[in-house]
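Engineer: Sending over a structure as structure tokens; questions will come in a sec.
The values are calculated or read from the model by the stated rules, or taken from the named source; none is laboratory data. Bear in mind that the values here come from a model prediction, so they are computed numbers and not experimental data. Methodologically, a virtual Cβ is constructed for each residue, glycine included, from the backbone with ideal geometry; neighbour enumeration extends over all protein chains shown. In case anyone asks, the SASA skips ligands and DNA or RNA and just uses the protein heavy atoms, side chains included. Shrake-Rupley method; radii C 1.70, N 1.55, O 1.52, S 1.80 Å.
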Amino acid sequence: MIRGKAYVVGDAIDTDQIIPAAHLVYSLTIPEERKMYGRYALSGVPADQQGLPKGGQPFTAEDSFESEYKVIIGGSNFGCGSSREHAPFAIAEAGCEAVVAESYARIFYRNSVDGGFVVPFETRVPLTERIRTGDEVEIDTVRSTLHNHTTGEDFLLNPLGDVADILKAGNVFEYARQKGLIST
Amino acid sequence: MGQTLTEKILAQHAGRERVAPGDNIWVDVDILMTHDVCGPPTIDIFKREFGENAKVWDQNKLVILPDHYIFTEDPHARRNIELLRAFAAQHDLQHYYDVGTSRYKGVCHVALAEEGFNRPGNVLFGTDSHTCTSGAFGLFSTGVGNTDAALIMGTGKIWVKVPETMRFVFEGELPPYLMAKDLILAVIGEIGTDGGTYRTLEFDGGAVYDLSMQERMTLTNMAIEAGGKNGIIAPDQVTFDFVRARTDAPFQAVYGDADARFHSEYVFDVSQMVPVVAKPHSPDNKAPVTEVVGTRLDKCYIGSCTGGKLEDFEAAARILKGLEVKVATYVVPASTEVQRRMKEVTIDGQTLWDIFESAGCMMGHASCGACLGGPIDTFGRAVGTEVVISTTNRNYPGRMGSKMSAVYLASPLTVAASALNGVITDPREVLV
């Protein structure tokens, strides 16, 4: 179960909007640097698109390193653009646990799963106009459903399919160890 | 039922007779490439998972090409170069191209070609989405994140879901006012930025085989802008000549079967195509240049892995020779080899470098430059609400440094023509 406030964005949120390239200089391991990824997560989204439908609501508040939102609701082709793993990392570092989008760019999806950062769910129907930023939502990760506590609506999500085993293992290394593909 | 070129390469590297789209397989990797942005975090994960003193799976197959944040005072960016340097020394890596030395190359995708790492039939992974560029040499290449790269670094293996192949056939004779950039922008405009998601984009047809390797690389480079897993072109004599001039390493060319099954097929007659741009803020926002002619510009940019190769500058120089630009124009060679060649190759006795300088262009050093914005002091970075026309490959909001700016993507010919007038200009107006 993943429960918390939803943050809604539009179509084709590319990796430069998720984490602008200027911030990629920070270490992903040194604690005082890695928190900058939470600070700047989704900061590249144009102001009027930040937190739909209203806009003007940054994902992470000014001078904060953690977001108040637990679930991102996106449109089509979420995470398109570069291969930077810093993108799902930044979303996770901000405290967000899942993305629910109509479709994903391949590398973002793979990075989310293989690194064990966020769970990337696909919707069966577009949700960006059915859910508003700030709505309280709950994802049943086993049954692949999303419940909107604010409106009372329920939505079916696509089952995770092939990647469920990697997500369950934690990341691709644990998965590979379980399969005997790496011995260390 | 036969297999496509991509399927056959993947099957060979999985030790199987055949694979089918949708199969999840583990493949052996021939080359892993990383750079200064994703190298240090990849190394951190490698050490976390395999141990502080673990050895990389094969020190001759790991290529490290710092290229993103090179000419900057940013202390964190400089620290990342030091981390790469230390790792290369610890592992005695032969293929580390250090900043500040004569070995420094510049943009990784162009350098991979120049240094002979793109070999037909191979499997190449890189921590950069434009790793698909290498597919121009008839190999499977794609971009991955730090975690996947760290897994390869430790084991030489990675899982791949076999993609379906979309086939793009270009026939006819390419007119002198068109470049590969126009062709690929037309493809992306037709299928959209997610039209190739999870799939291979294979380029074929007489017009493709008429192209040089540099122009073929422009096609495969932007497969990712259609969401593609990889772009690929079957190798021919042009490919072999290029590779053999760069390396003695053995390779085995692979070709798709005549009865291979494709997801879809698109056919273009290049003689009927026109110069195009991708309007702000998406690479699939295609328009013929004629539709945006006269758009006022603040900046022109010629550079990057897709638009900063020697032939890109030759094309632009043909237009700018003997004339002056009317708007700030930034010229950034992709690699040090390109930069050196620009000072050797001449048009009517004048070097390309001199043509650009005489035209009033600002000349940068070989690197990714402002293609992806980068640190605040990056050469040519977009600021404020600037309107930019660029030979680069992405124009999502903020890509070149300012999310208020508006970026048009176009061929080097179109960008050079626009630089002359200070407004977007059809290259057919100025080409003689």
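Engineer: So how do B:62-72, B:218-228 stack up, highest first, on mean other-Cβ count within 10 Å? Before the final figure, lay out the partial values.
Structural biologist: On the way: B:62-72: 24.0, B:218-228: 29.1.
So the peptides B:62-72, B:218-228, ranked by packing, come out B:218-228, B:62-72.
Engineer: Tell me, what % of the accessible area of the stretch B:5-246 is carbon and sulfur with a 1.4 angstrom probe? Intermediate results must be reported in sequence, preceding the final value.
Structural biologist: Values: 3240 of 7050 Å².
Carbon-and-sulfur percentage of accessible area, whole number: 46.
Engineer: Relative contact order (percent) for the stretch B:168-211, with alpha-carbon contacts under 8 angstrom and 6 or more residues of separation? Write out the running numbers ahead of the final one.
Structural biologist: Values: 23 pairs, mean separation 33.9, N = 44.
Across the stretch B:168-211, relative contact order equals 77 percent.
Engineer: Can you tell me the FRET efficiency between residue B:324 and residue B:290 if r is taken as the Cβ-Cβ distance and R0 is 22 Å, rounded to the nearest 0.05? Before the final figure, lay out each step's value.
Structural biologist: Numbers: r = 25 Å, r/R0 = 1.12.
About 0.35, to the nearest 0.05.
Engineer: Further question: Could you calculate the contour length gain from residue A:154 to residue A:179, that is, 0.36 nm times the residue separation minus the distance between their Cα atoms, to one decimal place in nm?
Structural biologist: 5.4 nm
Engineer: Set the Förster radius R0 to 30 Å, insert the Cβ-Cβ distance between residue B:20 and residue B:245 as r into 1/(1 + (r/R0)^6), and round the FRET efficiency to 0.05.
Structural biologist: Details: r = 37 Å, r/R0 = 1.22.
Calculated transfer efficiency: 0.25.
Engineer: Given a 1.4 Å probe and the protein chains all in place, what does the accessible area of residue B:198 round to, in Å² to the nearest 10?
Structural biologist: It works out to around 90 Å².
Engineer: Ranked by accessible surface with a 1.4 Å probe, highest first, in what order do B:354, A:63 come?
Structural biologist: Details: B:354 65, A:63 125 Å².
Per-residue accessible area, sorted high to low, gives A:63, B:354.
Engineer: Along Cα→Cβ, 7 Å out, is where each label goes; now give me the distance between the ones at residue B:59 and residue A:162 in nm to one decimal.
Structural biologist: Each label point lies 7 Å from its Cα, and together they span 3.6 nm.
Engineer: Taking all protein chains together and a probe of 1.4 Å, list A:70, B:161 from the most accessible to the least accessible. It would help to have the intermediate numbers written out before the result.
Structural biologist: Details: A:70 55, B:161 80 Å².
In descending accessible area the options line up as B:161, A:70.
Engineer: Could you list which residues have their amide H under 5 Å from that of residue B:138, counting only those 5 or more apart in sequence or on another chain, with H placed in the peptide plane?
Structural biologist: Amide H neighbours of residue B:138: B:233.
Engineer: With each pseudo-label sitting 7 Å past Cα toward Cβ, what's the residue A:125-residue B:274 distance in nm, one decimal?
Structural biologist: In this crude spin-label approximation the distance works out to 4.1 nm.
Engineer: Over chain B, with a Gaussian network built from C-alpha contacts below 10 Å, which listed residue (B:122, B:60, B:146) shows the highest mean-square fluctuation?
Structural biologist: B:60
Engineer: With solvent modelled as a 1.4 Å probe, how much accessible area in total do chains A and B shield from it at their shared surface, in Å² to the nearest 100?
Structural biologist: Values: alone 8990 and 16030 Å², together 21260 Å².
Using a 1.4 Å probe, the pair buries roughly 3800 Å².
Engineer: Another question, then. Count the DSSP beta bridges whose two residues both fall in the protein assembly as shown, then state the antiparallel fraction as a percent rounded to the nearest 5.
Structural biologist: Values: 25 of 78 bridges.
Around 30 percent antiparallel, to the nearest 5.
Engineer: What FRET efficiency comes out for the pair residue A:48/residue B:354, r = Cβ-Cβ distance, R0 = 60 Å, nearest 0.05? Don't skip to the answer; put the middle values down first.
Structural biologist: Details: r = 46 Å, r/R0 = 0.76.
Calculated transfer efficiency: 0.85.
Engineer: Ok, one more. I need the peptides B:409-417, A:99-107, B:231-239 ranked by packing, meaning the mean over residues of other C-beta atoms within 10 angstrom, with the highest value on top. Before the final figure, lay out the partial values.
Structural biologist: Details: B:409-417: 30.3, A:99-107: 24.9, B:231-239: 20.8.
Per-residue Cβ counts within 10 Å, averaged per peptide and sorted highest first, yield B:409-417, A:99-107, B:231-239.
Engineer: Turning to a different aspect of this structure: Which pairs, out of B:181/B:229; A:54/B:286; B:181/B:286, put more than 21 Å between their alpha-carbon atoms? Write down the numbers at each step before the final one.
Structural biologist: Details: B:181/B:229 19 Å; A:54/B:286 29 Å; B:181/B:286 12 Å.
Pairs exceeding the cut-off: A:54/B:286.
Engineer: As a test, work out the antiparallel percent of DSSP beta bridges whose residues both lie in the stretch A:2-178, rounded to the nearest 5.
Structural biologist: On the way: 12 of 25 bridges.
Counting DSSP beta bridges with both partners in the stretch A:2-178, the antiparallel share is about 50 percent.
Engineer: Among the listed pairs A:179/B:157; A:168/B:161; A:70/B:157; B:299/B:321; B:47/B:157, which are separated by more than 22 Å between their Cα atoms? Intermediate values should be presented prior to the final figure.
Structural biologist: Values: A:179/B:157 13 Å; A:168/B:161 19 Å; A:70/B:157 34 Å; B:299/B:321 19 Å; B:47/B:157 17 Å.
Exceeds cut-off: A:70/B:157.
Engineer: Of all DSSP beta bridges located in chain B, what percent are antiparallel, nearest 5? Could you put the intermediate results ahead of the total?
Structural biologist: Working: 13 of 53 bridges.
In chain B, approximately 25 percent of DSSP beta bridges are antiparallel ones.
Engineer: Okay, moving on. Sort B:273-280, B:294-301 by the packing proxy (mean of other Cβ within 10 Å over each peptide's residues), most packed first.
Structural biologist: Descending packing order for the listed peptides: B:273-280, B:294-301.
Engineer: A further question on this structure: In peptide A:175-183, how many Cβ atoms from other protein chains are near each Cβ within 10 Å, on average? Mind dumping the intermediate values first?
Structural biologist: Values: counts 2, 8, 1, 0, 2, 0, 5, 6, 1.
Average neighbour count from other chains, rounded to a whole number: 3.
Engineer: Extending each Cα 7 Å along its Cβ direction at residue B:82 and residue B:376, get the distance between those two points in nm, one decimal.
Structural biologist: 2.1 nm
Engineer: Need one value for B:391-398: mean number of C-beta atoms belonging to other chains within 10 Å of its residues' C-beta atoms. Write out the running numbers ahead of the final one.
Structural biologist: Details: counts 0, 0, 1, 6, 1, 10, 10, 10.
Other-chain Cβ atoms within 10 Å of each residue's Cβ, averaged: 5.
Engineer: Which residue, A:39, A:84, A:130, has the most motion in a Gaussian network model of chain A that connects Cα atoms within less than 10 Å?
Structural biologist: A:130
Engineer: Just to confirm, what accessible area per residue do you get for the protein assembly as shown at 1.4 Å probe, in whole Å²? Provide the component values of the computation, followed by the final result.
Structural biologist: Working: 21260 Å² over 616 residues.
Per-residue value: 35 Å².
Engineer: Which residues' amide hydrogens lie under 5 Å from the amide hydrogen of residue B:199, considering only partners 5 or more residues apart or on another chain, with H built in the peptide plane?
Structural biologist: B:229
Engineer: Would you work out the relative contact order for the stretch B:361-412, in percent, from Cα pairs under 8 angstrom that are 6 or more residues apart? Before the final figure, lay out each step's value.
Structural biologist: On the way: 90 pairs, mean separation 17.9, N = 52.
That works out to 34 percent.
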